[in-house]
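Each remark here refers to the structure printed beneath this line.
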Amino acid sequence: MKEKIKKEYTPKERNDIGRRAGAVGIGVNLILFTAKLVAGILSGSVSIIADAINNLTDAASSVIVIVGYFFAGKPADKKHPYGHARSEYLSTLFISIIVTVLGVELFRSSISSIAGGETAEYGVLSVAIMIASIAVKGFLAVFYRVTGKKISSASLAASAADSIGDIAATGAVLLGMVLSPTTGRATDGVLGCIIAAYIFIMGLKMTKEASDTLLGKAPDRTLVFSVIEKIRSYDGVLGIHDLVLHNYGEGRFFASVHLEMDAERDIMESHDIIDNIENDFAHDMGIRLVIHLDPVYTNDERLNSLKSSVREIIDEISSELSTPISMHDFRAVFGITHTNLIFDIVVENELPVAEDEIIGLIRGRIKKLDETYCAVITMDRDYTSTVFG
């Protein structure tokens with residue numbers, strides 16, 4: 001079977017699709033809010049009214065989605081040279097906060113209902129509205145999920161998750177309507193508390209995910225390794241390090257990397273290879289890549305032997321500490337009384353021991369090779385959470 005190729009959308013097409021999805025959400029949730037509010041008032045049910053307010057909040061969330069896509073579609077300007085695509089992440093965060101606050105407020109209302117001993121009387125209309133609501137929310141969840149996957153939208157994915165939560169909440173209310181004649185008058189308020197707790201927990205989870213994106217979480221490992229593999233596939237590339245990937249909205253990446261090439265190769269030829277790599281990344285992956293050239297001497301046997309010995313030491317320490325450590329930019333300055341071995345090491349952000357202790361271990365074992373060796377070590381951080389050599 002022929003593999004289906006995912007369509008690539010332009011930023012304008014993507015924003016238009018996102019705004020239309022938000023408009024659908026506003027219309028559907030306003031209709032559900034009105035119907036449930038009427039049912040809640042007629043029956044005197046705090047859980048139905050709480051569910052209605054939940055739908056009103058969903059409508060407000062859809063407004064935020066539309067506003068987020070509106071600002072995300074604005075072109076770059078002097079104050080925002082990378083564009084405004086991260087506005088979508090802000091809208092996702094706002095939706096998450098609204099959901100969290102809603103959970104708290106619904107919990108308070110439900111506790112008041114239990115304390116006040118309020119009772120609810122459900123009619124056929126209320127039951128029908130809640131059943132119809134579950135069906136409509138099921139459609140909306142699928143619609144959001146499919147559309148969000150199509151344009152890789154975090155905010156629509158959040159809305160899909162919210163809709164699934166609404167189905168569970170409305171289902172719980174419907175169950176309470178059936179059980180309340182048997183379980184007593186507190187059932188409505190208890191169910192309201194359960195729904196509120198569920199909404200609150202979901203809101204916290206969504207808030208954390210949105211905050212991680214805004215704070216700058218590590219890029220997707222699959223993307224990182226595909227970038228590494230692609231760069232290493234070019235002729236003349238001996239190694240890469242210090243890869244940094246910045247995300248400024250869905251599918252908008254800026255990257256920089258240090259690329260090692262033979263120092264004895266013609267500099268114009270190396271420059272031409274680098275230009276080709278940068279152009280290919282822009283065309284093939286939509287990544288604006290900037291490459292820094294690091295010349296490496298490959299024919300110096302003495303230097304290569306030292307480099308191999310130091311790499312073995314670092315690999316041993318890496319294994320002992322159970323943390324990845326890689327080395328790059330190795331060079332040596334040979335003197336009469338001592339020799340400086342100069343290199344950088346790359347470590348993860350979460351280390352089992354202090355930085356100075358790692359550097360001390362490496363220096364100590366290098367001294368065991370030869371007392372005249374002095375290690376000059378610069379410690380780099382890994383910004384992709386995938387330490388590589």
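Extending each Cα 7 Å along its Cβ direction at Lys217 and Thr337, get the distance between those two points in nm, one decimal.
Here the modelled spin labels are 5.4 nm apart.
Using 0.36 nm per residue, how much length does the chain from Leu293 to Ala168 gain when fully extended, once their Cα-Cα distance is taken away?
Values: separation 125, 0.36 × 125 = 45.00 nm, distance 5.57 nm.
Between Leu293 and Ala168, full extension yields 39.4 nm more.
Given a 10 angstrom Cα cut-off, can you work out which residue in Ile362, Ile231, Ile240 is the most mobile in a GNM of the chain?
With Cα springs under 10 Å in the chain, the top fluctuation among Ile362, Ile231, Ile240 is at Ile362.
Is there a quick way to get the dipole size of the chain? I mean about its Cα centre, with the Cβ of Lys and Arg at +1 and of Asp and Glu at -1; what is the value in debye to the nearest 20?
Numbers: 37 positive and 49 negative charges, 411 e Å.
Computed about the Cα centre, the dipole is about 1980 debye.
What's the extension gain from Ile228 to Asn279 if we count 0.36 nm per residue and subtract their Cα-Cα distance? Present the calculation step by step, with values, prior to reporting the outcome.
Numbers: separation 51, 0.36 × 51 = 18.36 nm, distance 1.57 nm.
In short, 16.8 nm is gained.
Per-residue ellipticity at 222 nm for the chain, helices alone: DSSP H runs ≥ 4 residues times -39500 (n - 2.57), over residue total, nearest 500 deg cm²/dmol? Walk me through the numbers before you get to the answer.
Working: 10 runs with 243 residues, N = 389.
That calculation yields -22000 deg cm²/dmol at 222 nm.
Starting from the alpha-carbon convex hull of the chain, give the projected area averaged over all orientations, in nm².
Details: hull surface 109.1 nm².
That works out to 27.3 nm².
Roughly what angle does helix 301-321 make with the longest principal axis of the chain, taking Cα atoms, 0 to 90 degrees, to the nearest 10?
30 degrees
Relative to the compact-globule scaling 2.2 N^0.38 Å, provide the ratio for the alpha-carbon radius of gyration of the range 326-385.
1.21
Choose one of Tyr373, Ile317, Val346: the residue whose Cα lies farthest towards the positive end of the charge dipole of the chain (beta-carbon charges +1 Lys, Arg; -1 Asp, Glu; about the Cα centre).
Val346
If you take every DSSP beta bridge fully contained in the chain, what fraction is antiparallel? Give it as a percent rounded to 5.
Details: 15 of 34 bridges.
Rounded to the nearest five, the antiparallel share is 45 percent.
With +1 on each Lys and Arg Cβ and -1 on each Asp and Glu Cβ, how big is the dipole of the range 221-296 about its Cα centre, in debye rounded to the nearest 20?
Numbers: 6 positive and 15 negative charges, 103 e Å.
Here the size comes out at about 500 debye.
Can you tell me the Rg and the Dmax, both Å, for the Cα atoms in the range 11-215?
Computed over the Cα atoms of the range 11-215, radius of gyration and Dmax are 18.1, 66 Å.
Going out from 0 in 5 Å bins, what whole percent of all Cα-Cα distances in the range 249-352 drops into each bin?
Going from the shortest bin to the longest, the percentages are 2, 10, 15, 15, 15, 16, 13, 9, 3, 1, 0, 0.
Assuming R0 = 25 Å, can you tell me the calculated FRET efficiency for the pair Arg381 and Asp262, based on Cβ-Cβ distance, to the nearest 0.05? Write out the running numbers ahead of the final one.
Values: r = 28 Å, r/R0 = 1.11.
Between Arg381 and Asp262 the formula returns 0.35.
What's the magnitude of the charge dipole for the range 11-215 around its Cα centre, counting Lys and Arg as +1 and Asp and Glu as -1 at the beta-carbon? Answer in Debye, nearest 20. Before the final figure, lay out each step's value.
Working: 17 positive and 14 negative charges, 158 e Å.
My answer is approximately 760 debye.
Between Glu320 and Ser152, what is the spin-label point distance in nm, taking each point 7 Å from the Cα along the Cα→C-beta axis?
4.3 nm
For a quick check, take a GNM of the chain with Cα springs below 10 Å and name the residue from Lys217, Lys78, Lys307 with the largest mean-square fluctuation.
Lys78
Length gain on complete extension for the stretch Ser308 to Asp77, per 0.36 nm per residue less the alpha carbon to alpha carbon distance?
Going from the current span to full extension adds 78.3 nm.
From the alpha carbon gyration tensor of the range 53-116, can you work out the equivalent ellipsoid semi-axes (sqrt of 5 times each eigenvalue) and give them in Å, largest to smallest?
36, 10, 5
List the aspartates and glutamates whose alpha-carbon lies under 16 Å from that of Lys230, not counting same-chain residues fewer than 8 positions away?
Asp220, Asp242, Glu260, Asp275, Glu278, Asp280, Asp284
With springs only between Cα atoms under 10 Å, which of Ser322, Ser109, Ser43 fluctuates most in a Gaussian network model of the chain?
Comparing Ser322, Ser109, Ser43 in the GNM, the peak value goes to Ser322.
Output the 0 to 90 degree angle, nearest 10, between the alpha-carbon long axis of helix 124-151 and the longest principal axis computed from the alpha carbons of the chain.
20 degrees
Every read-out reported here was derived from the displayed coordinates using simple, explicitly stated rules and does not represent laboratory data. This is a predicted model, so every value here is computed, not measured. Neighbour counts run over all protein chains shown; Cβ positions are idealised from the backbone, glycine included.
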